[in-house]
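Contents: one structure, followed by commentary.
The values are calculated or read from the model by the stated rules, or taken from the named source; none is laboratory data. Remember, it's a predicted structure, so these values are computed and weren't measured experimentally. Backbone-built Cβ (ideal geometry, glycine too); neighbour counts: all protein chains shown. Protein only, heavy atoms only, side chains kept; ligands, DNA and RNA dropped before computing areas. Shrake-Rupley method; radii C 1.70, N 1.55, O 1.52, S 1.80 Å.
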Amino acid sequence: MLGVARRILRRTDLAEEALQEALVLVWRKAHQFDESRGNARGWLYTILRNRCLTMLRNEDREVPVAPEDLDTPPDDVMLETAFDRLGHASDLRRCLERLDGESRRAILATYVLGYSHGEIAGRLDAPLGSVKSRVRRGLMKLRECLS
Amino acid sequence: MTDRSLDILIDEVVLGLASEADVARLEALAAQDPDVAARVEQARRRFAPLDDTAEELPVPAGLWDRIARALDAPQDDAARPARDNTVVDLATMRRHLNRWRVGASAAIAASLVLAGLLGWTMTRSVDPLVVAVLQDESGAVIALVESNADNTTSVTLLERPGVPPDQVMQVWTKPDDDGLPVSLGLLPTARSSVLMVDGLPAPHSDQLYEITFEPAGGSPTNLPTGPILGKGLAKEPVS
């Protein structure tokens, strides 16, 4: 779980903080967990990811941008690693492979690295509106392929 | 809302692209409509394999201590669930919290937090007779083992183990401190699970539990042969 947090927050200390806060939340929200609606593992990761995204997007927090402060490899390396580690038999991998490269990277970057639409637009140097529709088209294709 | 726009909303919430307002909107929809909730869960599962692609990192020393302190700190009222409609749940929570305050040691604190985690994965009416926190060589907590009087043993993995190819994890215990280890079963899918074994005496305090890597199908000698992923001694929960 710590690895998931560190990919998003880029720093081990922040990731540990997120994990700790997420587990406290999990403990306090345990009574809300409804087994009939999903598995506990998914619920845990959802709480952890939400906690990370809140930390990432909360402007009061200092999130470093200087490369020497980061505990993770460059973003494109992390994305490639994540994609490579998806099992070869995995449906998600097969369907991501069918997308064009930009859409695949955009979707992976949102889930794996916690990118917002704005960050993808910045990286691609593309207008926000077209990034949003590109991601939506990608998601619809993924959905068709996976269903 | 059309089906298509609901699909997009769900995907954007799962990916983390949605605004807070959209997340709240979807949560409200899912709370009212089991069909929407099922679709959200399905979407989460589609992307869940990506969670497994993250680096495995050891849990930092002192994490459980810090969680313990955070849980002991008073909550603000907004976060506290309303008493009226959650009487049973609150009672359970209080019992756990009280136990924990008595316990005070890091190991017990860890077990209780983890017992909470485990609580959702299995519906259990009886408290475990013994609980063991398994640690690797460096002292990192890797699994929680809870066993009942009939040796029904639930194993909750807390770190994704790097199981070598063609190997499985096998869970062992030593019912007799001076005797040989006895297999409780395999974790072939490298996931947390519940194991059952007949013919062993009820587990006791300080009983050894360990997980080793063994060839597919389990140890050929019926004794541990592979490297130890983690081990720990059982303790009886404070009641």
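Couple of notes before you dig in:
Matching residues to (1) part of a loop (DSSP other than H, G, I, E, B); (2) of a type in the set (A, V, I, L, M, F, W, C); (3) surrounded by 18 or more Cβ atoms within 10 Å (Cβ to Cβ):
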{"position": "B:159", "(1), (2), (3)": "yes, no, yes"}
{"position": "B:165", "(1), (2), (3)": "yes, no, no"}
{"position": "B:171", "(1), (2), (3)": "no, yes, yes"}
{"position": "B:183", "(1), (2), (3)": "no, no, yes"}
{"position": "B:200", "(1), (2), (3)": "yes, yes, no"}
{"position": "B:217", "(1), (2), (3)": "yes, no, no"}
{"position": "B:229", "(1), (2), (3)": "no, yes, yes"}
{"position": "B:238", "(1), (2), (3)": "yes, yes, no"}
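- Meets criteria (of a type in the set (A, V, I, L, M, F, W, C), in contact with a helix residue (DSSP H, G or I) (Cβ under 7 Å, 6 or more places away or on another chain) and modelled with pLDDT under 90) for residue B:238: yes
- Number of residues in region B:13-69 that are in a helix (DSSP H, G or I) and open to solvent by 40 Å² or more (accessible area, probe 1.4 Å): the value is 23.
- Subset tally (residues that are open to solvent by 30 Å² or more (accessible area, probe 1.4 Å), closer than 26 Å to residue A:15 by Cβ and not small (Gly, Ala, Ser)) for region A:84-96: 2
- Subset tally (residues that are more than 8 Å from chain B (Cβ to nearest Cβ) and polar (S, T, N, Q)) for region A:40-55: 1
- Candidate set from region B:131-143 (those that are assigned to a strand (DSSP E or B) and closer than 20 Å to residue B:227 by Cβ); member that is most open to solvent (accessible area, probe 1.4 Å): B:135
- Test: residue in region B:144-152 that is within 13 Å of residue B:209 (Cα to Cα) and modelled with pLDDT under 90: yes
- Considering the conditions (1) without any contact (Cβ under 8 Å) to a residue 24 or more places away in the chain; (2) farther than 27 Å from residue B:3 by Cβ, residue A:130 is excluded by exactly one of them, (2).
- Of the criteria (1) open to solvent by 90 Å² or more (accessible area, probe 1.4 Å); (2) more than 9 Å from chain A (Cβ to nearest Cβ); (3) modelled with pLDDT of 80 or more, which one residue B:1 fails: (3)
- Counting only residues that are at the interface with chain B (Cβ under 7 Å from one of its Cβ atoms) and open to solvent by 20 Å² or more (accessible area, probe 1.4 Å), region A:8-29 holds 3 of them.
- First in region B:173-195 and outside the structural domain of residue B:214 (by TED's automatic domain parsing), second anywhere and buried (at least 17 other Cβ atoms within 10 Å of the Cβ), Cβ under 8 Å, 6 or more apart: none
- Residue B:34 being at pLDDT 60 or above and at the interface with chain A (Cβ under 10 Å from one of its Cβ atoms): yes
- Residues satisfying the stated conditions in region A:97-121, i.e. more than 12 Å from chain B (Cβ to nearest Cβ), part of a loop (DSSP other than H, G, I, E, B) and buried (at least 19 other Cβ atoms within 10 Å of the Cβ): A:99
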